[in-house]
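These notes concern the structure reproduced below.
All of the numbers you see were taken from the coordinates with simple rules; none came from a lab. These numbers were taken from a predicted model, which means no experiment stands behind them. Using ideal geometry, Cβ is built from the backbone for each residue, glycine included, and neighbour counts are taken over all protein chains shown.
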Amino acid sequence: MLAKLSSYIYIFLTIALTVYGQIVFKWRMGMKGQMPPGVSSKFKYIFFAYLDPWIISGFAAAFLASVAWSVALTKFELSYAYPFTSLSFVLVFILSMLVFNEPFTWSRFIGIALICAGVIVIARGN
């Protein structure tokens, strides 16, 4: 039982690292302003944005999330584990409101509630 429960840490790490990366990308790219017009200006914008240590940490988090996910897939069936990753939508929704003051809408809330209900149904089916 404890071994099975500890296996969930890899799914949790996948979700946490993915959410971290998304929040950091939004935060730092938002500070850089709109992408400029022109192809060469766009490349320069992206190049310098990707030198930002926080952006680099977001890429590192994405890499580590893929490592954690790889391990999770050795412990669970894909059809069981994959729906849990949708919980990242829930966390991004909440953090977007708290960190970036993004608006709450009932349609988003209902969508998030349906995602949570789906994950619960899948988790109980195992």
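For region 72-120, residues that are more than 17 Å from the chain's Cα centre (by Cα) and under 17 Å from residue 8 (Cβ atoms) total 9. The set of residues from region 4-33 being more than 30 Å from residue 76 (Cβ to Cβ) and loosely packed, with under 14 Cβ neighbours inside 10 Å comprises 30, 31, 32, 33. A search for C-beta distances below 8 Å between a residue of region 58-82 that is closer than 12 Å to residue 7 by Cβ and any residue that is surrounded by 15 or more Cβ atoms within 10 Å (Cβ to Cβ) and polar (S, T, N, Q), counting only pairs 6+ apart in sequence or on different chains, returns 68/14; 72/7; 72/14; 75/7; 76/7.
Loosely packed, with under 13 Cβ neighbours inside 10 Å, at positive phi and either of a type outside the set (A, V, I, L, M, F, W, C) or touching a His at 6+ places or on another chain (Cβ under 9 Å) (or both) - does that describe any residue in region 34-53? So far as region 34-53 goes, yes, one or more of its residues are loosely packed, with under 13 Cβ neighbours inside 10 Å, at positive phi and either of a type outside the set (A, V, I, L, M, F, W, C) or touching a His at 6+ places or on another chain (Cβ under 9 Å) (or both).
For region 103-126, which residues satisfy the criterion of being of a type in the set (D, E, K, R) and loosely packed, with under 15 Cβ neighbours inside 10 Å? Spell out the reasoning first.
Within region 103-126, the first condition is being of a type in the set (D, E, K, R), and the residues that meet it are 108, 124.
Answer for region 103-126, where residues must be of a type in the set (D, E, K, R) and loosely packed, with under 15 Cβ neighbours inside 10 Å: just 124.
All of 43, 63 fail the test of being among the aromatic types (Phe, Trp, Tyr) and within 17 Å of residue 15 (Cα to Cα), apart from 63. The set of residues in region 52-74 being part of a helix (DSSP H, G or I) and over 17 Å from residue 17 (Cβ atoms) consists of 74 alone. Within the option set 83, 36, being assigned to a loop (DSSP other than H, G, I, E, B) and of a type outside the set (A, V, I, L, M) holds for one residue only, 36. When the test is whether a residue is of a type in the set (A, V, I, L, M) and surrounded by 11 or more Cβ atoms within 10 Å (Cβ to Cβ), residue 72 passes it.
Within region 87-114, residues that are among the charged types (D, E, K, R) reach partners that are surrounded by 13 or more Cβ atoms within 10 Å (Cβ to Cβ) with beta carbons closer than 9 Å, at six or more positions or on different chains, in the pairs 102/93; 102/96; 108/93.
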